[in-house]
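The values are calculated or read from the model by the stated rules, or taken from the named source; none is laboratory data. Quantities reported herein were computed from a predicted structural model and do not represent experimental measurements. Ideal geometry is used to build each Cβ from the backbone, glycine not excepted, and the neighbour counts take in all protein chains shown. Heads up: the accessible areas ignore ligands, DNA and RNA and are worked out on the full protein's heavy atoms, side chains in. Shrake-Rupley method; radii C 1.70, N 1.55, O 1.52, S 1.80 Å.
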Amino acid sequence: MYLSEEQIDSLLSYVGYGDFSRPDIIFLANEGGLGDRSVEANIMDICGPFKAKPECWVNGDGANGYWKVGEWEPGSIERVPVSPFLRLCSRMVLALEDKDSSPQKWFQRGDRSVINHVRRFLSEGGLYSNRPGIRTALLDWRPLPRNNERSPLPYENVEQNLYLKAFNFSDNGSDNPYISWREKRIKIFNDLFHIYPVPLVLCVGDIPAKKRLAEHIWGIREFDEIVLSPSGKKIFVSKQKVGLGTEIVLSPFFGYEHMGYAGVRDLTAYIRENLMNENRS
């Protein structure tokens, strides 16, 4: 696909899914996927209807950033995504909402009741939507969606190597044309966190890269290393807050072979005990 300048401007401004004006948790990931749809269909949505709602613009201007809020539809039966990331995020949200139970309840692999509850949560659009309860959003760092991180970028006028170097902060010199893309992205992120109060950002996957990202976006250089018990998984919590009181947590990816059930369970318990603001309305 050939990207027009107007489409590139829109993609650089698009931050992700969920209501970023009042989230409880933002998951910060690398880049958006295609969701089993064509790249053309995804780009048309992001640059068209997603951008058409002023209530989803950062500080009243879509050029400053915009998002897409999913519709929560109780009783709806949609295709449930197979993504381990989405399923483990769902278990975390449901466990945090269930203050009367231990997180262990929501991370038992063979519990059919929990499995069905998670499936229903996803099929009804529970993540990144206007659902009552804990409000979530998904923030993507790199602006160009693709099928997965192993597949080539499907854009004929984007040089993948230079693009990835710019967004990985490994570019050599100012001749990289995508540095200006990165700088715009950083400005939008900074504006977002200085305009809206966000209690918690969970940066998931590739912790060394997320540390570089946190330093360039927020100036964070120091983290407390936390070993979660009993799983032994390591997370990193920023020593300082950013924006309007935002906690930054770096975690391994929410995959079964990375954090897994036990790691996300222990992270959920840590968040509940240390980071959730009980007085937030």
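Brief remarks on what is shown
- Any hit, the range 82-97, residues being of a type in the set (D, E, K, R), in a helix (DSSP H, G or I) and either open to solvent by less than 30 Å² (accessible area, probe 1.4 Å) or at positive phi (or both): yes
- Test for Lys211: is it surrounded by 15 or more Cβ atoms within 10 Å (Cβ to Cβ) and touching a helix residue (DSSP H, G or I) at 6+ places or on another chain (Cβ under 9 Å): no
- Selection of first residues in the range 132-152 that are part of a loop (DSSP other than H, G, I, E, B) and of second residues that are hydroxyl-bearing (Ser, Thr, Tyr), restricted to Cβ pairs under 8 Å at least 6 apart or on distinct chains, gives the following pairs, ordered by first then second residue: Pro143/Tyr14; Leu144/Tyr155; Leu144/Tyr163.
- For the range 1-26, the set of residues classified as surrounded by fewer than 15 Cβ atoms within 10 Å (Cβ to Cβ) and either closer than 22 Å to Gly125 by Cβ or within 18 Å of the chain's Cα centre (by Cα) (or both) consists of Arg22 only.
- Filter pass, Tyr261 being over 30 Å from Ser10 (Cβ atoms) and open to solvent by 10 Å² or more (accessible area, probe 1.4 Å): yes
- Residue match in the range 53-63 (condition: touching a residue at least 40 places away in the same chain (Cβ under 8 Å), surrounded by 18 or more Cβ atoms within 10 Å (Cβ to Cβ) and out of contact with any Lys or Arg (no Cβ under 9 Å at 6 or more places or on another chain)): yes
- Sole residue being out of contact with any helix residue (DSSP H, G or I) (no Cβ under 9 Å at 6 or more places or on another chain), of a type in the set (A, V, I, L, M, F, W, C) and either open to solvent by less than 60 Å² (accessible area, probe 1.4 Å) or assigned to a strand (DSSP E or B) (or both), chosen from Ala29, Ala41: Ala41
- Checked against the criteria, Leu34 does not count as farther than 14 Å from Asp140 by Cα, open to solvent by less than 30 Å² (accessible area, probe 1.4 Å) and outside any helix (DSSP H, G or I).
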